[in-house]
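The structure under discussion appears below in the form of structure tokens.
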Amino acid sequence: MSHRLSSQTTAPAGDTVKVMVVDDSAIIRGFICRYLSEDSSIEVVTTANNGEVAVRMLKDNPQIEVVLLDIEMPVMDGLTALPKMIELRPDLQVIMASTLTKRNAEVSLRAMQHGAVDYVPKPETARSVNASIDFRREIVEKVKAWANRSRKKKGVPEVKDSSTKPAATNFARPTARPTGFAAPSRPAVKPAVVSSRQTTEVKSTSSASAIQLRKAARTKPQILAIGSSTGGPQALMKFFKGFKKKPSVPIVITQHMPATFTAILATHIGEATGWPSAEAKEGDTLMPGHVYVAPGDWHMQFVRGDGKVKVTLNQGPQENFCRPAVDPMYRSLIEIYGDRILGVILTGMGHDGLKGSRDIVKNGGTVFAQDEASSVVWGMPGAVSTAGLCSKVTPIDELGEQAEKQLDGGY
């Protein structure tokens with residue numbers, strides 16, 4: 001079953017992102033279509049209730065740019081339909097939509113290794129879908145972000161940024177501290193005032209504005225701290241691929257993700273790198289060469305005691321509309337490591353990590369960022385780059401190699 005929809009938007013047809021919504025629930029399809037159509041730059045052109053119909057509708061609607069694809073459906077599920085869609089349209093942006101179960105989290109991240117570009121955690125009931133402001137924001141922002149990413153590659157005019165706040169990233173709200181097993185438009189930030197003797201002016205590979213690069217700290221980092229959001233899972237894999245050997249320092253990651261997904265992401269990082277990798281637990285002792293991923297809905301911070309650095313988790317207020325957030329992670333690391341921190345900011349909406357990066361640099365540490373051309377959204381890395389805080393602003397395929405050199409004391 002499918003439906004052809006007329007746009008309720010006010011933007012010219014050529015300027016709207018063309019979307020197909022695929023979900024076996026007519027109620028859920030209706031809610032999603034309504035939320036997307038409330039944005040004047042998005043047009044839902046058709047819907048489908050299973051993967052088989054979706055593939056057929058994709059053939060009939062070549063203008064479709066983005067598909068929101070449910071996982072669990074009769075006749076043909078989302079994971080089966082995905083490769084058929086990508087075969088038909090290699091440039092198609094497919095966003096998986098699934099409820100927050102461990103299985104669906106695993107399927108969503110596996111789908112991203114087979115052509116899907118992102119995921120949207122879907123509330124479990126129609127009532128919660130209707131009530132969730134966070135879900136509304138996230139689907140709109142991700143549809144536009146990935147459409148713009150595709151349009152940029154084709155040289156097609158992009159749609160305007162959303163003026164709404166970022167989607168919060170905490171769908172599940174556990175009440176106990178885990179022991180096992182989210183943006184406004186990019187803010188205008190003033191470049192940091194730095195000495196010309198300490199900076200080098202370079203042209204961004206995808207922006208006409210000059211970025212002031214700082215000299216990297218001469219101190220050898222004792223920890224690698226990474227922040228990422230939209231597009232982060234793929235960026236993290238590409239980043240770590242650039243390393244020739246396992247780092248000799250702990251690696252801590254705050255990726256804006258809901259609970260359940262973060263544990264699966266940590267597992268995938270471990271499988272891809274061969275390094276020990278896990279969702280962080282309260283009281284974990286940081287070990288060299290180990291990867292610790294902040295659990296969804298929990299800020300990850302650190303304390304020193306008995307000569308060891310340990311993880312501490314909390315559900316304090318969201319920062320930058322996010323929990324976990326990068327800024328609190330960076331703040332706690334500065335108290336322990338001082339100038340021996342290498343911070344890396346990858347693709348993501350908003351400006352989470354900007355304050356923390358400024359503090360890292362102020363205390364003598366080093367910050368690298370992903371460049372605009374390789375970012376899905378240049379919000380987070382763009383904020384630190386244009387503020388004059390970075391020593392490297394580099395394509396993601398080269399960033400891991402640059403980070404490894406810094407960790408080895410090469411700059």
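The values are calculated or read from the model by the stated rules, or taken from the named source; none is laboratory data. On a predicted model such as this, the values are computed, not experimentally measured, just so you know. Backbone-built Cβ (ideal geometry, glycine too); neighbour counts: all protein chains shown. These accessible areas exclude ligands, DNA and RNA; they are computed on the full protein's heavy atoms, side chains included. Shrake-Rupley method; radii C 1.70, N 1.55, O 1.52, S 1.80 Å.
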field: Size of segment 369-411 as Cα extents on the principal axes (Å, biggest first)
entry: 29, 21, 10
query: Based on the alpha-carbon gyration tensor of segment 336-411 and its eigenvalue square roots a ≥ b ≥ c, which shape applies: rounded if a/c is under 1.5, prolate if not and a/b is larger than b/c, or oblate?
result: oblate
message: Order 240-249, 375-384 from most to least packed using the mean count of other Cβ atoms within 10 Å.
response: 375-384, 240-249
Compactness index (Cα Rg / 2.2 N^0.38 Å), segment 301-354: 1.21
With every protein chain in place, segment 218-311: carbon and sulfur % of accessible area (1.4 Å): 52 percent
task: Would you list the P(r) distribution for segment 238-335, with all Cα-Cα distances sorted into 10 Å bins from 0 and each bin expressed as a whole %?
output: 16, 49, 31, 4
Magnitude of the charge dipole, segment 200-313, Cβ model with Lys/Arg +1 and Asp/Glu -1, debye to 20: 700 debye
statement: Burial-style ranking of 64-72, 38-46, average other-beta-carbon count within 10 Å with highest first, yields 64-72, 38-46
query: How large is the convex hull of the Cα atoms of segment 62-102 per residue, expressed in Å³ as a whole number?
result: 81 Å³
message: My understanding is that a pair violates if its Cα-Cα distance is over 22 Å; which of 142/392; 142/244; 122/144; 220/362; 215/241; 144/241 do that in this structure?
response: 142/392; 142/244; 215/241; 144/241
- prompt: Taking square-rooted eigenvalues a ≥ b ≥ c of the alpha carbon gyration tensor, is segment 239-291 rounded, prolate or oblate, where a/c under 1.5 means rounded and, failing that, a/b exceeding b/c means prolate?
  reply: oblate
statement: By the Cα gyration tensor axes a ≥ b ≥ c (a/c under 1.5 gives rounded; else a/b larger than b/c gives prolate, otherwise oblate), the shape of segment 15-150 is rounded
